[in-house]
């Protein structure tokens, strides 16, 4: 993954690497990550998996081509 840029990760169609935006109103955390200045820092929050639903999700955001991890969600609890 470290050799992929943000668009390559977001647009990846592999079942083992699936990335998509988070829609907060559809989650268990409707107020977002809860970090200061979140509305300024984060354009689109994302979640991705690194295996076919076996190890949960990683939640965070891109800034340029760097993904900043905010939460690890091994049980996929963000969406009920």
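Coordinate-derived values only; no laboratory data. These figures come from a predicted structure and were not determined experimentally.
The table for this structure:
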read-out: Gyration tensor (Cα) of the chain, equivalent ellipsoid semi-axes in angstrom; value: 19, 17, 10
read-out: Helix-only mean residue ellipticity at 222 nm for the chain, each DSSP H run of n ≥ 4 adding -39500 (n - 2.57), per residue, nearest 500; value: -2000 deg cm²/dmol
read-out: Segment residue 39-residue 11, length gained on full extension (0.36 nm per residue, minus Cα span); value: 7.7 nm
read-out: Mean separation of Cα contacts under 8 Å, 6 or more apart, over the residue count of segment 1-79: relative contact order %; value: 27
